[in-house]
């Protein structure tokens with residue numbers, strides 16, 4: 001069983017979730033002793049001492065992981081690992097739009113089946129997980145792409161139901177988009193399946209495509225229990241219900257609530273036994289999370305950390321902790337709900353995008369930390385990815401400083417007939433350019449970032465109010481659509497260029513900006529069927545440029561992926577696209 005990054009969908013993450021803790025103004029970035037600095041300019045594989053001066057933190061290498069990799073023989077048998085998590089549920093169905101979050105992805109990695117895995121950090125090597133799949137064969141000699149999958153004989157769900165051709169047929173049924181009764185998070189790839197049939201035995205699935213997809217193995221990341229494949233169960237049946245009997249893997253859920261999940265070794269598991277006796281996830285807000293780590297109540301700071309000085313300064317006196325940083329998989333963007341009030345006018349959306357200087361937000365998050373990055377211009381590829389292009393309109397991406405941002409935004413509004421009022425806010429037909437910016441969490445960085453957005457907009461004659469919610473309400477609020485603008489992240493996958501239809505599709509449940517067109521949908525739909533990878537990337541970039549022209553999406557930053565851990569934790573940390581076997585996570589000898 002692997003900690004699977006072979007998601008077929010980009011998934012949601014809270015922007016800077018738990019990104020900060022106890023106050024930027026109170027931190028002392030120079031407090032660490034020079035003698036405790038990590039040696040050299042490149043981060044070591046096990047991470048840097050938490051006592052390292054933040055402005056001297058070694059930079060991770062592109063394409064490298066920082067997980068303190070150890071073999072099973074180097075890891076103790078037994079022990080407990082306690083992890084924080086921003087949100088537990090309420091929807092436990094990761095394949096459904098309401099459950100498609102980074103946090104549910106994290107939980108599924110431990111108790112649900114991972115059938116194909118990624119064998120390297122770049123995501124270029126997709127392999128069948130031998131615990132679940134014996135072989136995958138692709139044949140195009142008939143003129144159609146036919147994929148034959150043979151499942152491992154021992155592979156079963158926890159209730160004893162075989163993982164076989166019906167388990168993939170269930171995935172196809174709910175994810176293809178052919179039945180509008182289902183609400184899948186994405187249909188990319190599955191919408192090109194013509195049929196799923198039983199092969200020579202139940203353990204063989206024969207999948208015939210209407211159009212080929214490349215790589216074909218990307219379709220087989222997970223399996224779904226056949227009982228989960230009716231519309232009501234798929235859409236509503238996972239509310240506060242993880243369906244443990246439908247899981248499969250080295251761990252299973254022993255107990256759960258909306259504040260804690262406890263996992264134990266799965267007595268039905270047929271593969272290598274887990275090294276750990278217990279894994280506990282505790283739901284926490286950012287300040288509680290960092291205090292809990294310092295007090296020894298949790299063993300890591302969890303996923304999706306921003307690596308801000310506000311966060312990292314909490315730990316610079318901890319001799320028994322390590323900072324593990326890698327280049328991030330997420331792109332954080334401000335999404336603009338085009339169905340709401342003043343934002344229905346593309347000129348207002350354009351002016352708002354022009355008013356925001358990403359460099360200001362990055363400077364707030366990473367002040368005092370050794371980190372620099374290029375402002376992103378894509379939600380599908382990170383700036384460090386092969387083939388990346390900045391796909392924002394030139395009248396947004398070419399703005400070079402704050403003054404240029406303000407001038408461009410004002411020019412856009414005035415050209416559209418808006419007039420600046422005595423209160424400094426533009427209006428047209430007695431309607432002000434005003435809307436809300438929705439935030440989640442209680443950290444100072446979240447508040448400072450929101451205040452910066454508010455001020456940059458105000459400087460351009462746009463009134464922005466702040467609408468704050470607890471982090472635990474992130475997915476509920478976002479999916480409700482009851483917000484105007486919101487900053488959140490899309491965490492990429494090895495096949496992110498397939499996901500344009502998910503993020504930008506005019507009818508996609510995951511297109512929270514509600515922009516798009518049938519023409520752009522068709523452009524994105526072609527991408528998975530292009531055999532040459534470079535041509536796939538080019539087609540994806542071309543389609544994304546058209547989507548960005550709606551001014552519904554503003555990529556702001558990527559940042560590193562950062563986890564602070566107790567020394568001795570092995571096979572956990574920022575892993576890019578490399579899949580980690582959950583049964584191999586533990587405490588080194």
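Of note, residue 268 satisfies the criterion of being part of a loop (DSSP other than H, G, I, E, B) and surrounded by fewer than 24 Cβ atoms within 10 Å (Cβ to Cβ). In the range 319-340, the residue that is surrounded by the most Cβ atoms within 10 Å (Cβ to Cβ) out of those that are in contact with a strand residue (DSSP E or B) (Cβ under 8 Å, 6 or more places away or on another chain) and assigned to a loop (DSSP other than H, G, I, E, B) is 328.
Residue-level analysis places residue 532 among those that are free of Cβ contacts under 8 Å to residues at least 12 places away in the same chain and farther than 27 Å from residue 184 by Cβ.
Any residue in the range 487-504 that is surrounded by fewer than 20 Cβ atoms within 10 Å (Cβ to Cβ) and outside any helix (DSSP H, G or I)? Break it down stepwise before answering.
Of the range 487-504, the ones surrounded by fewer than 20 Cβ atoms within 10 Å (Cβ to Cβ) are none.
No, that holds for no residue.
Screening the range 341-421 for helices (runs of 4 or more DSSP H) wholly inside it with 3 or more residues that are assigned by TED's automatic domain parsing to the domain that holds residue 451, surrounded by 17 or more Cβ atoms within 10 Å (Cβ to Cβ) and within 28 Å of the chain's Cα centre (by Cα) returns the ranges 346-355, 358-366. Once the range 50-97 is narrowed to residues that are in a helix (DSSP H, G or I), touching a residue at least 60 places away in the same chain (Cβ under 8 Å) and within 30 Å of residue 263 (Cβ to Cβ), the residue that is nearest to the chain's Cα centre (by Cα) is 97.
Somewhere in the range 210-227, is a residue farther than 30 Å from residue 584 by Cβ, in contact with a strand residue (DSSP E or B) (Cβ under 6 Å, 6 or more places away or on another chain) and not assigned by TED's automatic domain parsing to the domain that holds residue 81? For the range 210-227, residues farther than 30 Å from residue 584 by Cβ, in contact with a strand residue (DSSP E or B) (Cβ under 6 Å, 6 or more places away or on another chain) and not assigned by TED's automatic domain parsing to the domain that holds residue 81: present. The listed residues are 583, 544, and the only one of them that is closer than 26 Å to residue 502 by Cα, in a helix (DSSP H, G or I) and in contact (Cβ under 8 Å) with a residue 40 or more places away in the chain turns out to be 544. There is at least one residue in the range 196-205 that is under 25 Å from residue 521 (Cβ atoms), modelled with pLDDT of 95 or more and not in a loop (DSSP other than H, G, I, E, B). Determine whether the range 374-382 contains at least one residue that is over 30 Å from residue 43 (Cα atoms) and in contact (Cβ under 8 Å) with a residue 60 or more places away in the chain. No, the range 374-382 contains no residue that is over 30 Å from residue 43 (Cα atoms) and in contact (Cβ under 8 Å) with a residue 60 or more places away in the chain. Going by what's in this entry, would residue 438 be described as closer than 17 Å to residue 453 by Cβ and surrounded by 14 or more Cβ atoms within 10 Å (Cβ to Cβ)? So residue 438 passes the test. In a residue-by-residue description of the range 235-247, the property of being in contact (Cβ under 8 Å) with a residue 60 or more places away in the chain and over 26 Å from residue 168 (Cβ atoms) applies to at least one position. Among the residues of the range 37-49, at least one is over 29 Å from residue 331 (Cα atoms) and either under 21 Å from the mean Cα position of the chain (by Cα) or modelled with pLDDT under 95 (or both). None of 544, 561 is under 30 Å from residue 70 (Cα atoms), crowded, with 24+ Cβ neighbours inside 10 Å and under 22 Å from the mean Cα position of the chain (by Cα) except 561.
Taken as a whole, the range 436-445 holds at least one residue that is assigned to a helix (DSSP H, G or I), modelled with pLDDT under 95 and either touching a strand residue (DSSP E or B) at 6+ places or on another chain (Cβ under 9 Å) or in the same structural domain as residue 405 (by TED's automatic domain parsing) (or both).
The values are calculated or read from the model by the stated rules, or taken from the named source; none is laboratory data. The shown structure was predicted, so the numbers you read here are calculated from the model rather than taken from an experiment. As a convention, Cβ positions derive from the backbone with ideal geometry for all residues, glycine included, and neighbour counts pool all protein chains shown.
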